[in-house]
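Asks: Would you mind keeping the following structure in view while I ask a few things?
The values are calculated or read from the model by the stated rules, or taken from the named source; none is laboratory data. The shown structure was predicted, so the numbers you read here are calculated from the model rather than taken from an experiment. All Cβ positions, even for glycine, are placed from backbone atoms using ideal geometry, and neighbour counts span all protein chains on display.
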Amino acid sequence: MIPKMDNITGSKELRNKILFTFALLIVYRLGIHVPVPGINGEAVSDFFDSASNTLFGMFDMFSGGGLSRLSVFALGIMPYISASIILQLLTVVSPELERLKKKEGEAGRKKITQYTRYLTVLITFVQGTGIAIGLQNMTSPTGVPVVPDPGMLFVFVTVITLTTGTCFIMWLGEQITSKGIGNGISLIIFAGIVAGLPGALVKTFRLLGTGEMTIFVVIVILALILAVLAFTCFMETSQRRIPIQYAKRMMGRKLYGGQTTHLPLRVNTAGVIPPIFASSILMFPGTIASFSQVDWLQQISAYFAPGSLLYNLLFVVLIIFFCFFYTAIIFDPKDIAENLKKQGGFIPGIRPGIHTKEYIDKVLSRITLWGSLYISVICVIPMLLINKLNVPFYFGGTSLLIVVGVAIDTMNKVQSYLITNQYEGLMQKSKLKGRL
């Protein structure tokens with residue numbers, strides 16, 4: 001699956017696409033270190049160190065550390081992702097959006113993309129306003145105010161800065177998608193997550209040097225990391241292939257059809273959405289408690305502390321629920337059955353129409369159950385590593401699913417690009433030989 005390096009370097013156009021992608025990702029990472037005007041950087045850092053297990057910690061991961069630094073890219077690409085998910089959910093209940101998606105073709109997709117951009121700006125403006133107002137009342141654990149000079153001017157500048165930063169990241173992602181290689185939005189999230197790995201390795205070696213962690217524990221952690229990584233790669237590429245047979249049809253004097261293909265159903269159809277939704281709900285009490293010293297809020301926050309038995313149980317239940325919920329939204333067996341019937345396709349041994357729909361739904365439910373259990377294991381393992389082996393970094397969960405998924409998708413696109421170029425080269429050679 002991994003393309004050979006000489007094939008990549010031998011294609012000038014592909015090499016330029018990869019270099020262009022890296023250049024824009026470097027621009028993104030440089031912007032992470034540009035702070036919003038009017039804040040106390042040390043106070044912000046102290047506050048986020050104490051709020052790593054809240055929603056702020058999760059959003060900081062998606063922003064590549066931009067939120068903990070309160071940089072111009074503090075909101076990251078999350079508003080765009082939120083807007084995409086909202087429009088995806090609205091497509092199920094809105095006939096107009098459903099018509100744009102299914103019947104308008106490329107023009108409809110462009111219209112939905114335009115709506116996504118507008119909604120992204122609106123979400124960014126609302127979130128930026130909330131962050132700007134909240135920062136004025138925020139202090140570090142030592143009592144140092146995050147904003148030394150609060151006021152309407154600070155709110156205005158912060159909102160404009162954060163909104164502009166998110167729009168610029170959205171533009172970078174679209175440029176990577178159109179002129180680079182891979183999905184730009186996914187690669188930006190990928191770059192933000194991977195950028196935290198060197199710091200985690202340095203912290204691990206520092207603990208090893210001070211004697212707080214033994215070499216045996218490090219070897220065990222590395223073995224577990226490799227095992228989890230291999231298991232994740234295997235599951236992310238796993239499919240249940242339902243055989244499809246197309247009936248033979250006469251068109252004039254020729255017989256067409258009769259091909260045999262398959263319908264691929266991914267084990268993890270829902271992707272990274274279920275753990276994101278589940279962790280957002282469970283981290284909400286801790287986020288509220290970080291702004292208040294009320295005793296009962298602190299008690300509720302303690303019950304929902306990551307790593308506790310109640311947290312892990314609810315986390316698994318919510319992941320399984322959202323796996324089935326989101327899969328039902330993005331994959332409609334009824335549409336698949338109707339399309340197969342129109343094209344003359346059928347599943348061997350299954351009657352077309354409602355029986356095909358029921359069969360696909362049954363198979364999809366079974367693999368979704370296994371997919372949800374797989375995601376649950378990947379998301380719970382990091383908490384066990386931190387609590388039992390005192391691992392100084394978070395490995396697994398949503399971040400691992402994103403890294404593996406984006407890496408596999410990017411390699412597949414590079415491979416497809418190389419195959420397409422080879423095919424075009426063969427066609428050109430055959431035309432030249434034909435002329436000779």
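Asks: Kindly provide the set of residues from the range 103-121 that are free of Cβ contacts under 8 Å to residues at least 24 places away in the same chain and part of a helix (DSSP H, G or I), ordered by number.
Replies: 105, 106, 107, 108, 109, 110, 111, 113, 114, 118
Asks: Taking only the range 33-55 into account, find how many residues are part of a loop (DSSP other than H, G, I, E, B) and modelled with pLDDT of 75 or more.
Replies: Looking only at that region, the number is 7.
Asks: Sort through 76, 134, 128 and tell me the only one that's in contact with a Phe, Trp or Tyr (Cβ under 6 Å, 6 or more places away or on another chain), in the same structural domain as residue 197 (by TED's automatic domain parsing) and within 27 Å of residue 277 (Cα to Cα). Can you show your working first?
Replies: Values: 134 fails: in contact with a Phe, Trp or Tyr (Cβ under 6 Å, 6 or more places away or on another chain); 128 fails: in contact with a Phe, Trp or Tyr (Cβ under 6 Å, 6 or more places away or on another chain).
From the options 76, 134, 128, the qualifying one is 76.
Asks: If a residue counts only when it is within 18 Å of the chain's Cα centre (by Cα), which helices (runs of 4 or more DSSP H) contained entirely in the range 138-251 have at least 2 such residues? Write out each step before concluding.
Replies: On the way: elements: 152-179, 184-194, 197-210, 215-236.
Result: 152-179, 184-194, 215-236.
Asks: Give the number of residues within the range 252-299 that are at pLDDT 70 or above, assigned to a helix (DSSP H, G or I) and among the β-branched types (Val, Ile, Thr).
Replies: 3
Asks: Could you pull out the residue among 177, 166 that is in contact with a Pro (Cβ under 9 Å, 6 or more places away or on another chain), among the β-branched types (Val, Ile, Thr) and closer than 30 Å to residue 113 by Cβ?
Replies: Answer to the selection: 166.
Asks: Using beta carbons and a limit of 6 Å, which pairs, at least six apart or on different chains, have the first residue in the range 2-26 and under 19 Å from residue 407 (Cβ atoms) and at pLDDT 90 or above and the second one among the aliphatic types (A, V, I, L, M) and in a helix (DSSP H, G or I)?
Replies: Here the result reads 21/176; 24/172; 24/176; 25/191, each pair linking the range 2-26 to a residue that is among the aliphatic types (A, V, I, L, M) and in a helix (DSSP H, G or I).
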